[in-house]
């Protein structure tokens, strides 16, 4: 009798194992997401059946993961797992995606996916500000003589610039130095042969037509070094806005092209971020050295003003309906 009972128990255990293996077979279901009575729990409801998602954290960051979304999921049921309320069959999901529905509420074999695209734009803008730096460089055997000569010529240059800069221009000293000039001989300490004084003045003006005249006035008054001319855009907001608009349009156009290639459409824009927006950088003219004691009259200095480039980049994240 005991032997027969043991045989019966073994047979029942074997049947349970085989049944469990059959239930644990991977399945694919299609239903709607629904919250459970358990805190943080989610179900896939298929008709009158409920499947409790065991690894829900894996999918909760998806934009489509919300109550009522039609989803298709593949995975295994886990009959040996016991939950607090046992609401639905425990189901470990391997893959899951949203399924778009038509007006009748029936699935149409389309899914939602997320794409990230980047748009770039370069806008040309005309500069509205010019900066010119000129210097008076003097040399003499003594530091005092170099300094005195430099002061006299620098004063003349400053007065000439003020007379030609026009209303609203800014004129300021941008650098001053008085340095010894040294001679180096092999196996001997360097010796001072004289001194050089340098006084630099920078003029900033919004009247770009005066740039050539300012250079001419400075050199005629005694400036003998033009260290640079730069053009910039002080009022850059319109150009930056236009570059941002065009970069955004390009990103959206890319998203639409990708959606069409997937056989679908852009459902909605999830996120837009300005990756970078570069302010217009100054255009620098080549450095020029101006000879002192200009005795031969020369034509006015010609200055060609180019265009500035304003760059913008936008990253766009879109939700796309794909076949």
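Read the figures in this text as sums done on the coordinates, not as results from a lab. Everything numeric here is computed off the predicted structure, so don't read it as measured data. Don't worry about glycine lacking a Cβ; one is built from the backbone with ideal geometry, like all the others, and counts go over all protein chains shown.
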Problem - Cα shape, region 120-222, gyration tensor, a/c 1.5 rule - result: oblate
Exercise for the section: Can you pull the one-decimal nm distance between simple spin-label points at residue 307 and residue 208, each 7 Å off the Cα toward Cβ? Expected result: 1.2 nm
Exercise for the section: Using only C-alpha atoms and all pairs of different ones, pull out the Kirkwood radius for region 22-101 in Å with one decimal. Expected result: 12.5 Å
Practice task
Please tell me the relative contact order of region 22-101 in percent, rounded to the nearest whole number, where contacts are Cα pairs under 8 Å and at least six residues apart.
Solution key: 35 percent
Exercise for the section: Would you calculate the separation in nanometres between label points at residue 265 and residue 129, each defined as 7 Å from the Cα along the Cα-to-beta-carbon direction? Expected result: 4.8 nm
Exercise for the section: With label points built 7 Å along Cα→Cβ from the Cα atoms of residue 315 and residue 45, find their separation and express it in nm. Expected result: 3.8 nm
Fill in the blank from the handout: Quick shape check on region 123-169: root eigenvalues a ≥ b ≥ c of the Cα gyration tensor, a/c under 1.5 is rounded, otherwise prolate if a/b tops b/c, else oblate, and it reads oblate
Exercise for the section: Once you have the Cα-Cα distance between residue 249 and residue 235, take 0.36 nm times their residue separation minus that, and quote the gain in nm to one decimal. Expected result: 2.7 nm
Problem - Spin-label zone in region 181-195 - amide nitrogen under 15 Å from a point set 7 Å from the Cα of residue 144 along the C-beta vector - result: 195
Completion exercise
Full extension between residue 192 and residue 151 adds, at 0.36 nm per residue less the Cα distance, a length in nm of 12.6 nm
